[in-house]
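What follows is calculated from the coordinates using simple rules that are stated; it is not laboratory data. On a predicted model such as this, the values are computed, not experimentally measured, just so you know. Note that each Cβ is placed from the backbone with ideal geometry, even for glycine, and that neighbours are counted across all protein chains shown.
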Amino acid sequence: MLKIVVPKKPIRILWRNRQRRYPANLAFLRRKVDSALQRLPPSRRQKLPAELGIILVSPKESGRLHQLHLQDPSPADVLAFPHGEIVVCPAVAASLCRGHRLPMREELLTYILHGILHLAGFRDSTAASALTMRRLQAKLRRAPLRPPQLPS
């Protein structure tokens with residue numbers, strides 16, 4: 001039987017920290033996101049754009065974008081846009097990480113993974129689909145780091 005192997009397409013990630021109040025461990029986040037992308041099911045990974053932009057913003061900027069796109073002026077934890085932009089507000093992460101019993105960097109990672117899963121076609125509009133997403137986010141967040149994949 002012929003097995004068709006679909007190569008994992010490389011995904012370029014552009015990182016931008018546009019806020020200053022909360023330090024972000026970008027080296028940790030980069031490694032964990034790269035590792036999570038390698039673990040996504042190929043059928044979901046194929047849905048991702050070739051380039052992702054992960055942007056950390058202030059509450060003011062998050063609120064402005066949230067109002068513009070979802071008519072809600074409050075700062076959002078994460079916003080994901082169809083062309084591959086994932087906007088995360090570290091101030092929201094800082095306010096919620098203690099309640100979630102996670103270090104700040106893990107809370108930020110959770111939001112980034114949530115945005116990636118939305119871009120990969122996962123939805124959280126029902127209780128069942130939200131539970132599926134939360135479980136996958138947690139699995140990806142806790143997964144050990146894989147060595148970086150070299151282009152072939």
Within the range 79-102, of all residues that are over 16 Å from Ile54 (Cβ atoms) and part of a loop (DSSP other than H, G, I, E, B), the one farthest from the chain's Cα centre (by Cα) is Arg101
Scanning the range 81-98 for residues that are of a type in the set (Gly, Ala, Ser) and crowded, with 20+ Cβ neighbours inside 10 Å gives Gly84, Ala93
Checklist entry - Do we find that Glu51 is touching a residue at least 40 places away in the same chain (Cβ under 8 Å), in contact with a Gly (Cβ under 9 Å, 6 or more places away or on another chain), within 19 Å of Ile11 (Cα to Cα) and among the acidic types (Asp, Glu) in this structure? => result yes
Here the qualifying pairs (Cβ atoms under 8 Å; residues six or more apart or on different chains; first in the range 78-105 and in contact (Cβ under 8 Å) with a residue 24 or more places away in the chain; second part of a loop (DSSP other than H, G, I, E, B) and of a type in the set (Asp, Glu)) come out as Val88/Asp77; Cys89/Asp77; Val92/Asp77; Ala93/Asp77
